[in-house]
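Taking it in order: structure first as structure tokens, then the write-up.
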Amino acid sequence: MYSGRHHVCQHESWVIIVSTVVTIIIVFDPLGGKMAPYPSAGPNHLDSRESSQLLNGLKTAATSVWETRIKLLCCCIGKDDHTRVAFSSTAELFSTYFSDTDLVPSDIAAGLTLLHQQQDNIRNSQEPDEVISHSPGPPQEADLDTELANCHHYMQFAAAAYGWPLYVYRNPFTGLCKIGGDCCRSRTTDYDLVGGDRLHCHFGSILHTTGLQYRDFIHISFHDKVYELPFLVALDHRKESVVVAVRGTMSLQDILTDLSAESETLNLECGVQDCSAHKGISQAARYVYQRLVNDGILSQAFSIAPEYRLVVVGHSLGAGAAALLALMLRSSYPQVRCYAFSPPRGLLSKSLYEYSKTFIVSLVLGKDVIPRLSVTNLEDLKKRILRVIAHCNKPKYQILLHGCWYELFGGSPENFPTELDGGTQGDLTQPLLGEQSLLSHGSPTYSFSSDSPLESPTKYPPLYPPGRIIHLEEEGTAGRFCRSAARYSARWSHESQFSKILIGPKMLTDHMPDILMKALDSVVSGQAGYAFCPPGGGSNVDVV
């Protein structure tokens, strides 16, 4: 028992450390945060035409620098058309987001530390929120217990799509032994494996994770490129469904798909006016759609089991692609259902989000950052970081030391002597930001008096998560890092509950599929002890 808890703690700590290092590497604005002169800079500021030309030149230069950086980081990826488009999209996103700040890593670390303690202090001082219960659709579709049981069942397929790495990670002592025979299996006439390394290991882990047989799989693809995700299609006789499971982020190509965050219009036959969605994820969903339809994969599945229902599932990036895939397939398969586990927030337009509630269920664990992650929310986080450090006059070393203690051992968030009570600029005799440039620019971007989210650039309109959302929340305090005694409750939540990024030690680990599976096991196995808050046949295997 002790070794298991120690392993989880080490894992969570390393995830946070690695993420911090990666963030430090990429956060610097290559042009020093001086994208454009502000009108308040002085009487000799440039006229509007010259200012516009300078601004466009600086934007182009910044995008070029970011594209060079990304190409160096992803030098092992091929140079096809999709990859070049992804490089350009990612560079434009980074140059837009980091164009108007010039913070060093210690500023960001101090800001996140202050935000976490401020966040806990506000939560402790508030009365418990009323449960938000929005229940579109007929009453039977709003049955929380039923949907939790479905999530528990289909999460096995979403996890299986990750292949052998996740299986071995979840079973560190027995995983390799269980799938070793499959890894050493030679090619046979029963099925063919094409498209990557260790494919037999992948197939073996999928069989062990789902509990299905070889004959139950229609198609398994491990092909992985930018905008092209691995997926599997299986016959689930227990639920009488044809299951399409899309893999989440596992490679640099997948990360580039995630970061192609601008919005694009979808051609859907759903009667919805604004059919826009995350570009990279919609491209990935379109690839899977074309494979399923054009290659006759779904036709083959339903020729074997015509009475079965279509279910699309995925985790993380796979959840976003699964939701969009379900939208694309609904005109041909009206009974399609989708279970999206930890989906990204910045996915669907408002109208598509409302439309998706009738057939998509999303599951979110705790403070998971991904279901709260969108360009709009990142802008809001940047604004909050700048505000909290601009209204602080304590040394950074004191903030960081106190923050480390608070993260590791807890304590009262009211005891951190870091923010000025008055919060007035006149009291900032020695602000944390050495230059008060953010306070004197007069830019509306940094209006410290407002807590409203920032408006996103036109290319990045506000996007929303898919479907109705079940939120699993940890009950009590089971340790700030370890989860040995964690207990969870479940309730329906509105998307507005995920409109801000929450800071905390579990914001990253709550996204891990193994942690989500353990939480689901805990909730489903102990449903009787929880107070839920409900709202008012054979085939040849084609593996590519």
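Okay, residues lined up against (1) under 20 Å from residue 238 (Cα atoms); (2) open to solvent by 20 Å² or more (accessible area, probe 1.4 Å); (3) modelled with pLDDT of 90 or more:
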{"site": "174", "(1), (2), (3)": "no, yes, no"}
{"site": "188", "(1), (2), (3)": "no, yes, no"}
{"site": "193", "(1), (2), (3)": "no, no, no"}
{"site": "197", "(1), (2), (3)": "no, yes, no"}
{"site": "200", "(1), (2), (3)": "no, yes, no"}
{"site": "208", "(1), (2), (3)": "yes, yes, yes"}
{"site": "211", "(1), (2), (3)": "yes, yes, yes"}
{"site": "215", "(1), (2), (3)": "yes, yes, yes"}
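Cβ-Cβ distances below 8 Å connect the following pairs, each with a first residue in the range 257-272 that is assigned to a strand (DSSP E or B), a second residue that is of a type in the set (A, V, I, L, M, F, W, C), and a separation of six or more residues or different chains: 263/277; 263/463; 264/277; 265/275. What's the total number of residues in the range 335-347 that are buried (at least 21 other Cβ atoms within 10 Å of the Cβ) and either touching an Asp or Glu at 6+ places or on another chain (Cβ under 9 Å) or in a loop (DSSP other than H, G, I, E, B) (or both)? Number satisfying all stated conditions: 8.
Within the range 487-504, work out how many residues are open to solvent by 20 Å² or more (accessible area, probe 1.4 Å), in a loop (DSSP other than H, G, I, E, B) and either at pLDDT below 85 or of a type in the set (S, T, N, Q) (or both). Even if it seems obvious, please write down each step before you answer.
At the first step, the residues of the range 487-504 found to be open to solvent by 20 Å² or more (accessible area, probe 1.4 Å) are 487, 489, 491, 494, 496-497, 499-500, 502.
Next cut, in a loop (DSSP other than H, G, I, E, B) only: 494, 499-500, 502.
Those left that are additionally either at pLDDT below 85 or of a type in the set (S, T, N, Q) (or both): 499.
Number of matching residues: 1.
Could you count how many residues in the range 252-269 are surrounded by fewer than 16 Cβ atoms within 10 Å (Cβ to Cβ) and out of contact with any strand residue (DSSP E or B) (no Cβ under 9 Å at 6 or more places or on another chain)?
So in the range 252-269, the residues surrounded by fewer than 16 Cβ atoms within 10 Å (Cβ to Cβ) come out as 264-265, 267, 269.
When the remaining residues are screened for being out of contact with any strand residue (DSSP E or B) (no Cβ under 9 Å at 6 or more places or on another chain), the result is 267, 269.
Selection size over the range 252-269: 2.
Residues in the range 273-289 that are within 11 Å of residue 327 (Cα to Cα) and open to solvent by 30 Å² or more (accessible area, probe 1.4 Å): 286, 289. Looking across the range 348-371, the residues that are crowded, with 24+ Cβ neighbours inside 10 Å, of a type outside the set (A, V, I, L, M) and part of a helix (DSSP H, G or I) come down to 356, 371.
With open to solvent by less than 10 Å² (accessible area, probe 1.4 Å), on the phi < 0 side of the Ramachandran plot and outside any strand (DSSP E or B) as the only criterion, which of 235, 292, 310 stands out? Steps first, answer last, please.
Numbers: 235 fails: outside any strand (DSSP E or B); 310 fails: outside any strand (DSSP E or B).
It is 292.
The values are calculated or read from the model by the stated rules, or taken from the named source; none is laboratory data. All of these numbers come straight from a predicted model, not from anything done at the bench. Here the Cβ is made from the backbone with ideal geometry for all residues, glycine too, and neighbour counts use every protein chain on show. In case anyone asks, the SASA skips ligands and DNA or RNA and just uses the protein heavy atoms, side chains included. Shrake-Rupley method; radii C 1.70, N 1.55, O 1.52, S 1.80 Å.
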